[in-house]
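Here is the structure we will look at, set down as structure tokens.
Read the figures in this text as sums done on the coordinates, not as results from a lab. Since this is a predicted model, take the numbers as computed values, not measurements. Counting neighbours? That spans all protein chains shown, and the Cβs are built from the backbone with ideal geometry, glycine included.
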Amino acid sequence: MERVGRRSRKPTPPGLRAGAEDRVASAAPRQAAPAGGPGPLAAAIHGIARRVARLPLPRGAGIYGTFALFLGAGIYGSVVGGHVPAIITAVHDAADAGARAAGFGLNTVTISGRKYLSEAEIRQAAGIGPGTSLLFLDAVAAREGLLAVPWIAEAQVRKLYPDRVDIEIVEREAFAFWQLKGKVQVIAEDGTVIAPVELAPRPDLPLVVGVGADKRAKGIVKLLAKFPDIAAQTRAAVLVAERRWNLRMKNGIDVRLPETDPAGALAQLAVLDREKKLLSRDVAAIDLRLPDRITVRLSDDAAKAREEAMKPKSKRKGADT
């Protein structure tokens, strides 16, 4: 029998024992988290979430939270489904409609400096459509859209309230044809490709061929302009190894220019053609790469004719020896 008033020992509840063990564990030195476990950032986020969970919620927080949940789900679905551009377009169209109703519709678009591009192409590049309003037209974006067109070198866009836009452009001039790997395109003086060959403003542009010829076309075209008689007989200028030029003449003759002082070589060729009609002769190539000599290679027919002419004539039958 147990004495009255004697405290009986009750078994310690598991929760208390676990708490004691927790206190002992907390006194022990901390060990590094195992690899792959939550890092410091995850632990900090978890702590913030626990503190937020203890905060008292204001009245109506559930309604706002539900609204935010559905809004977030809608935004996420739009992004994942690729509907964001359509949504942005719809919002922009609605804003334009409101601006037009308020008297800020775009009624007048003046374009100056246009030579090759059509008004429709310029409007499209500037982002101006039938429903565009002046209030929500981004002049900076319109200018960037215009400068993205290869034909356009410079552009200015001015908004004049309440309903007018002035667009001023400077178009590049077609300077030459550039052929690379069989494809011919129109280039500007600085080498910018501005149009395919079928859209060339005129067919008599000079032709340059080869890798890098687009960026060096200005030099060879202006050099040939100093020798109009040679230029008139030139069909194409071919850049060799991005170092020097060969001229392909209209009659098929190849003229090989030196890397240094091509102007001097062309001056010498002009004199020879004027005095000796060298470019009209039956030759295949004229090599001007060496400063102290000119090498001429005959065509196959001319070479055969010369070979026949150089053979000794056969002795006449019955002639005395």
At R0 = 56 Å, FRET efficiency that the Cβ-Cβ distance of Tyr161 and Ala200 yields, to 0.05: 0.85
Summed residue charge, Cβ within 12 Å of Arg158's Cβ, Lys/Arg positive, Asp/Glu negative: +1
With every atom except the alpha carbons ignored, what do you get for Rg and Dmax of region 176-307, in angstroms? 15.4, 51
Please give the length that would be gained between Lys115 and Ala231 if that part of the chain were fully extended, namely 0.36 nm times their separation in residues minus their C-alpha to C-alpha distance (nm, one decimal). 39.0 nm
Eight or more residues apart or on different chains, and alpha-carbon atoms under 21 Å: count the Lys pairs in region 90-236 matching that. 6
Of the trypsin sites (Lys or Arg not before Pro) in region 201-232, those whose Cβ has at most 15 other Cβ within 10 Å and which sit in DSSP loop: Lys226
For region 191-236: rounded, prolate or oblate by the Cα gyration tensor [a/c cutoff 1.5]: oblate
How far apart, in nm, are two points set 7 Å out from the Cα along the Cα-to-Cβ line at Arg297 and at Glu189? 3.7
Suppose R0 equals 30 Å; then what is the FRET efficiency for Ala148 and Ser280 from their Cβ-Cβ distance, rounded to the nearest 0.05? 0.05
Quick one: putting +1 on the C-beta of Lys and Arg, -1 on the C-beta of Asp and Glu, what dipole do you get for region 176-307 around its Cα centre, in Debye to the nearest 20? 40
